[in-house]
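Student: Once you've had a glance at the structure underneath, I'll fire off some questions.
The values are calculated or read from the model by the stated rules, or taken from the named source; none is laboratory data. What you see is a predicted model; the values in this text were computed from it and never measured. When we count neighbours, we look across all protein chains shown, and the Cβ atoms used for this are built from the backbone with ideal geometry, even at glycine.
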Amino acid sequence: MPRAERPLELDGSALAEFAADLRKLREQAGRPPYRELAARAHFSHTTLSDAAGGRRVPSLAVTLAFVRCCGGDAAEWERRWRALRAELDARSAAPDDAVAGAPYVGLASYEVADADRYVGREQLVSDLAARVRRQPFTAVFGPSGSGKSSALRAGLIPALSGDRRVVLCTPGADPMAALDGTADADVIVVDQFEELFTLCGDESERERFIAALLDAADERHVVIGVRADFYPHCAQHSGLVAAMRDAQVTVGPMTTDELRRAIVAPAARAQCSVEGALLATLMSEAAGRPAILPLLSHALLETWRRRAGAKLTLAGYESAGGIAHALARTADSVFDGFSNAQQKIARDLFVRLCVLGEGTEDTRRRVPRAELDQGADHDTVIARLVDARLVVADRESVEITHEALIRSWPRLGRWLTEGRDGLRIHRMLTEATATWEAMDRDPSTLYRGARLEQALQWRETAESSLSERERQFLDAGERGRHAELAVTRRRTRRLRLLMAAVVVCALVAAVAAVVAGTERTTALRQRDDALFQQVLAESDWLRDRDPSLSAQLALVARRMRPTDDSVRTRLLSTQTATLATSVGSHGGNVYSASFSPDGAILASGGADDVVRLWGLRTSSGRAESLGTLPNDQGGWLSAVVFSPVGPVLATTGKAGTVQLWDVTDPKRPTRFGAPIAAIGGSVYSVAFSSDGRLLATANNDGTIGLWNVADPAAPRSVAVFHGHAGVVASVAFSSDGRLLVSGGGDKTVRLWDLRDLEHPVPLHDPMGGPDLLVHSVAISPDNRYVAAGSLDGTVRIWDVATGAPAGVPLTGHTAAVWMVAFSHDGSMLASGSTDGTARLWNMSDPAHPAPLPRATAGGDVYTVAFAPDDTRLVTGSSDGVVQLWSLPGGVLLGHRSTVDAVAFRHDGGLLATGGLDGAVRLWLTKDRGRPRLAAEIPPPAGPAAVCNTDCTDIEMSSDGRVLAVLSQAKVLRLWDISTPTRPVPLGDGFTVKTPLRAAFAFSSDGRTLAVPEDENAVQLWDVTDPRLPVPVGRVTAAIGGNAIAFSPDGKLLAAVDDDHSIRLWDVTNRSAPRAVGQLHGHTNDVVTIAFSPDGHTLASGGADQTVWLWDVPNPTRAMVLQGHTRSVSAIAFSPDGRTLASDSTDETIRLWNVADRAHPTALGAPMAALTSRGAGIAYSPDGAYLAVTDDADAVRLLDLDVDHAVQRICGTTDTPTTDQWIRYLPTLPYDPPCAG
């Protein structure tokens, strides 16, 4: 007979009431015996009895098991359990002084002083220290939360400090200042290197900081710690790329043993133990998760606060909220404890402490105290947040303790998600306010026009978020606007008085009429000016948000002023943008889209279970609907795929059947026969082999089906093969049909050898990772690489031959990647993501793909596909819209590093491009829209100097037969390029002593080369016989070595000096050069020089942000061109000499009218350059194109014919809707610019 239950001691405590209610719940369930409950709950009867005993708090798991067995509300009881734990913890929580001695650091990184309690990463630290001792430069990469900062601070630095002086710094907003105090360090450790890109807005400051680190690595050791998603930012700096080659360490998740030691050892050193159940729970929740460490550390700290004597318990851990909720609970608890006014302050503070990611995760930001309002409530908020270890603060600044708070606190996530555009407006406002104050509140720095209107509209809904100084900034801008309006009103009032004078006095009527007419004309002109500027402002504001609509508004401005240069340059800029037109729409998510082999038909399908066919070859140039296919899948379509060789379309989805359609007549498609029967539940992907004879299906049950569809009317099963432990989400064939790649829910990507179709054999071990839940896979057309897009927002690439990663994951997306697709020529990879973007990647170097301009859709992007000619990309998204994107033409892809130099042949049919790595590529450019590679000249053998910019220089002889190449390997080589497809070396080349930057000059007659040998000499070489160069003369002076040029007639040589001047020599007699002048004007380094075609003018660009025009016959006559905001890095004259193009590190290209050299003017607005380096620029000989380099290791041929830009806009973008017109151009009548 069961023993009677012990009576409860009802002392009014919360614990006794909790136990009593558990007993009531059991009574209501019919009072089942505890042994019966134990059998159902899988806990012992003693444990369940103790749960209702009232002596101690049961664990959450026990409580919920008890409640479920008795038919209670589990969610309500979980809420009650957490409330009980919180009440008891509040009474027994460790005092702050006890927590100060806790063995865990919470969100904070382990510091140097914490080395004695830093446990678990011993092997990583040992390997890292050994690497640092043997090499000058080391880059440590890891996801946020992987523990890289702790490894550097509490691991590496103490490990090296015994025999070396180690200095730690972080870049912050002023990176060069951060290097103060490192002069005598043996090892410089730069943690949080990503701050260089998130907090420092000065590109030149970044370049100086990177250059200083690389210089330091020549004599000492440099270590940088970088968040993994900022690898692409590092890869844009060629010096860093060279330094990081074979010098990278990746910090991944801890092993099981490391994790166990990290949990148990610190507690043991504090004479505490970890309950076995707690350890098991922590191991199961944290193992294999790379970004979990700060959350784990915080949960352990909170569990320490709730420890039972000398033991950390599962009950204390669950009370804290566990890994999943401890941090959010701490943050919510502190936030909820604030008054309403303090909560507003806290919210504004946290939003200010975050930087919104652009292609990366949101990051933390160090905020100067001067940016924040002062007051008692502000001080209280910061003090409490510091006490809770949510932020760190000193007298100068405030910062979030760890970025894990951004990821794991839902409330903060909502703040950053809601009104994201508003947050960006606020951030720009904050920066503008700082500039205004730094310029002593100069009125010229205030907002005006569209930007002021935008900020004022935002202020109406976000007044409380503004600091006092930001309010003052906007108020000053508003007063300025009112003052301008007052001037306009006074002018209008004068006009009315003049009109009244007509009535009063007939004698003055004629005079008054003339005056009034003049005033009216002036007023109308000012009104037109205002409207025109409004259109331009709206177009500029939309440029990055909606490039297609921005381009349409630029056409509106062109119609208003057809010859305006500012409109012309804006339209020319659109040729580097990806523009879109809407093909049509579905009634839900669009999961798949596919082009027919000839590109004439587009098929799409999705959540509405409808296949839609679109015709793309129409007289209007717009897609037309060809009809729909019958509903077959009973829910949704996952794949709509054309065969690559015939009019066959495969459709599949929820039902798991695959239907093959004959679309010979796309307006009347017919079934080839009965659908292929389902073999494994729903099908998520299908793929045809390149010959169209095989079809593979990715099945819900983890299998892959292989079918022979050579006769589409009679498909035949070939094989069903197994290997995946979960859903197979995607399959793809290699182009030769010998391989199949698959990926799915088991977090693996697998390669299959199909040479024996009936018995596929897996190749290599499965490729994958703990966070790689695969949505899509693809194989490059050359069958060398596999790409996969996954739930963690990355794109990963593997080498097919080895199964090893080709490089680090691509991290440009901020949400799951649903689709990846290679272009048909293999030069690009497209990825579509639920972050609303489709990204393009330059695949010339698969280990380091460079990001190309992205496309922003109206919803989550689920599918991407290239057109057969690779000129267009289709996307399907969650808003149901299918969009067709026009990709910029004239893009030269193939270089595996940043392109430094460009040079055209005299007839424009050949372009030579030189990369940072010393490789030179020759391009046939007769068809500018589709340039073709003729040949590649490899870099010279031997060691290359470390170089960051302008590492390769190239020059062509005037007859286009000889190409001279000088790279950082210090070898100057001459090539016969008479036959561009077969360049022939002219001799072995010769080693020169040029300074770090590659620079030389080739005379127009092709007989002389001028090469700076060191800082004090230029050597002249006779290359009449290119195989036997002969030194013929020397120029001696303090040569800077950055740039050198011959005049068109070959009689003058110009070279820059290290005192910011330019020196001129007469080299008519090559054996005895004669100095003829020195040009002074620049206030910083001269970076680039160029002679005009007539030789009368020398242009120079410098780090002082200016371009100078020097009159060669009379050098005292010089004009300066100002407009760039950073260093001018390249300049080029048009062939007729009337226009000068300048490229700058401010990421713009400017055109200047220099037809009248005494009165040069800017030609319109600056054009986007797609590069922060501004390395190379050149006009085609006919002046029709401008070759410019960009940050994606590419060269772009910018068409300078504005009519071509207009034709592209009207042919590839949607007409503005009436709603869009009213929103952006409310004062103009609706009249779309391409309607005709």
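Student: Is it true that GLY1077 is in the same structural domain as VAL1030 (by TED's automatic domain parsing), touching a residue at least 24 places away in the same chain (Cβ under 8 Å), farther than 30 Å from ASP1182 by Cβ and among the small types (Gly, Ala, Ser)?
Tutor: Considered against the rule, which asks whether it is in the same structural domain as VAL1030 (by TED's automatic domain parsing), touching a residue at least 24 places away in the same chain (Cβ under 8 Å), farther than 30 Å from ASP1182 by Cβ and among the small types (Gly, Ala, Ser), GLY1077 comes out as yes.
Student: Something else: I'd like the full set of residues that are part of a loop (DSSP other than H, G, I, E, B) and at pLDDT 90 or above, limited to segment 1109-1124.
Tutor: Within segment 1109-1124, just VAL1112 meets the criteria.
Student: Could you pull out the residue among ASP218, ASP174, ASP180 that is without any contact (Cβ under 8 Å) to a residue 12 or more places away in the chain and not assigned by TED's automatic domain parsing to the domain that holds ARG839?
Tutor: ASP180
A quick yes/no check of all residues on (1) part of a strand (DSSP E or B); (2) farther than 30 Å from TRP636 by Cβ; (3) out of contact with any helix residue (DSSP H, G or I) (no Cβ under 8 Å at 6 or more places or on another chain):
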residue: SER550; (1), (2), (3): no, yes, no
residue: LEU572; (1), (2), (3): no, yes, no
residue: THR581; (1), (2), (3): yes, no, no
residue: GLY588; (1), (2), (3): no, no, yes
residue: ALA593; (1), (2), (3): yes, no, yes
residue: TRP614; (1), (2), (3): yes, no, yes
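Student: Considering only segment 151-163, state which residues are modelled with pLDDT of 85 or more and either surrounded by 23 or more Cβ atoms within 10 Å (Cβ to Cβ) or farther than 29 Å from LEU293 by Cα (or both).
Tutor: Of everything in segment 151-163, those that are modelled with pLDDT of 85 or more and either surrounded by 23 or more Cβ atoms within 10 Å (Cβ to Cβ) or farther than 29 Å from LEU293 by Cα (or both) turn out to be ALA151, LEU152, ALA154, GLY155, LEU156, ILE157.
Student: If you don't mind, another one. Going by what's in this entry, would SER682 be described as of a type outside the set (Asp, Glu), out of contact with any strand residue (DSSP E or B) (no Cβ under 6 Å at 6 or more places or on another chain) and surrounded by 19 or more Cβ atoms within 10 Å (Cβ to Cβ)?
Tutor: Judged against the criteria, SER682 is a match.
Student: Please verify whether segment 1085-1108 includes one or more residues that are at pLDDT below 95, closer than 30 Å to MET843 by Cα, hydrophobic (A, V, I, L, M, F, W, C) and under 31 Å from the mean Cα position of the chain (by Cα).
Tutor: No, because not a single residue in segment 1085-1108 is at pLDDT below 95, closer than 30 Å to MET843 by Cα, hydrophobic (A, V, I, L, M, F, W, C) and under 31 Å from the mean Cα position of the chain (by Cα).
Student: Turning to a different aspect of this structure: Looking at (1) assigned to a strand (DSSP E or B); (2) of a type outside the set (D, E, K, R); (3) over 18 Å from GLU396 (Cβ atoms), which one does LEU168 not meet, given that it meets all the others?
Tutor: So the condition that LEU168 fails would be (3).
Student: Does segment 253-275 contain at least one residue that is surrounded by fewer than 20 Cβ atoms within 10 Å (Cβ to Cβ), under 25 Å from GLY147 (Cα atoms) and under 28 Å from the mean Cα position of the chain (by Cα)?
Tutor: no
Student: Residues that are of a type in the set (Lys, Arg): find the strands (runs of 3 or more DSSP E) completely inside segment 184-280 holding 1 or more of those.
Tutor: 221-227
Student: Looking at segment 55-74, which of its residues are of a type in the set (Gly, Ala, Ser) and out of contact with any Lys or Arg (no Cβ under 9 Å at 6 or more places or on another chain)?
Tutor: Step one: of segment 55-74, the residues of a type in the set (Gly, Ala, Ser) are 59, 61, 65, 71-72, 74.
Within segment 55-74, SER59, ALA61, GLY71, GLY72 qualify.
Student: Please enumerate the residues belonging to segment 1189-1236 that are assigned to a helix (DSSP H, G or I), aliphatic (A, V, I, L, M) and within 22 Å of ALA577 (Cα to Cα). I'd like the intermediate steps shown before the answer.
Tutor: Within segment 1189-1236, the first condition is being assigned to a helix (DSSP H, G or I), and the residues that meet it are 1202-1212, 1218-1224.
Next, from what is left, pick out any that are aliphatic (A, V, I, L, M): 1202, 1205-1206, 1209, 1222.
Those that are assigned to a helix (DSSP H, G or I), aliphatic (A, V, I, L, M) and within 22 Å of ALA577 (Cα to Cα): VAL1202, ALA1205, VAL1206, ILE1209.
Student: Within segment 136-165, track down each residue that is polar (S, T, N, Q), out of contact with any strand residue (DSSP E or B) (no Cβ under 7 Å at 6 or more places or on another chain) and assigned to a loop (DSSP other than H, G, I, E, B).
Tutor: SER146, SER161
Student: What are the residues in segment 559-570 that are in a helix (DSSP H, G or I) and more than 30 Å from ALA1194 (Cα to Cα), if any? Step through it out loud before you land on a result.
Tutor: So in segment 559-570, the residues in a helix (DSSP H, G or I) come out as 559-560, 565-570.
Within segment 559-570, ARG559, MET560 meet the criteria.
Student: Can you find, within segment 1016-1071, the residue that is surrounded by the fewest Cβ atoms within 10 Å (Cβ to Cβ) among those that are in a loop (DSSP other than H, G, I, E, B) and under 39 Å from the mean Cα position of the chain (by Cα)?
Tutor: ASP1059
Student: Kindly indicate whether any position in segment 892-911 is modelled with pLDDT of 90 or more, more than 28 Å from PRO805 (Cα to Cα) and among the aromatic types (Phe, Trp, Tyr).
Tutor: yes
Student: Residues being within 27 Å of SER742 (Cβ to Cβ) and either surrounded by 21 or more Cβ atoms within 10 Å (Cβ to Cβ) or touching a Leu at 6+ places or on another chain (Cβ under 9 Å) (or both): count how many of those fall in segment 664-679.
Tutor: Residues that pass the stated criteria total 4.
Student: Still on this structure, please answer the following. Would segment 1092-1103 turn up any residue that is surrounded by fewer than 16 Cβ atoms within 10 Å (Cβ to Cβ) and more than 23 Å from PRO1181 (Cβ to Cβ)?
Tutor: Within segment 1092-1103, none of the residues are surrounded by fewer than 16 Cβ atoms within 10 Å (Cβ to Cβ) and more than 23 Å from PRO1181 (Cβ to Cβ).
Student: In this structure, is LEU88 assigned to a helix (DSSP H, G or I), modelled with pLDDT under 80 and not aromatic (Phe, Trp, Tyr)?
Tutor: On the way: assigned to a helix (DSSP H, G or I): yes; modelled with pLDDT under 80: yes; not aromatic (Phe, Trp, Tyr): yes.
It is true that LEU88 is assigned to a helix (DSSP H, G or I), modelled with pLDDT under 80 and not aromatic (Phe, Trp, Tyr).
Student: With respect to the numbered conditions (1) surrounded by fewer than 24 Cβ atoms within 10 Å (Cβ to Cβ); (2) at pLDDT below 90; (3) touching a strand residue (DSSP E or B) at 6+ places or on another chain (Cβ under 8 Å), which one is the sole condition not fulfilled by THR1145?
Tutor: So THR1145 meets the others, but not (1).
Student: Moving on. What residue, of VAL140, VAL62, VAL125, VAL67, is in contact with a helix residue (DSSP H, G or I) (Cβ under 6 Å, 6 or more places away or on another chain), at pLDDT 85 or above and outside the structural domain of ASP191 (by TED's automatic domain parsing)?
Tutor: VAL67
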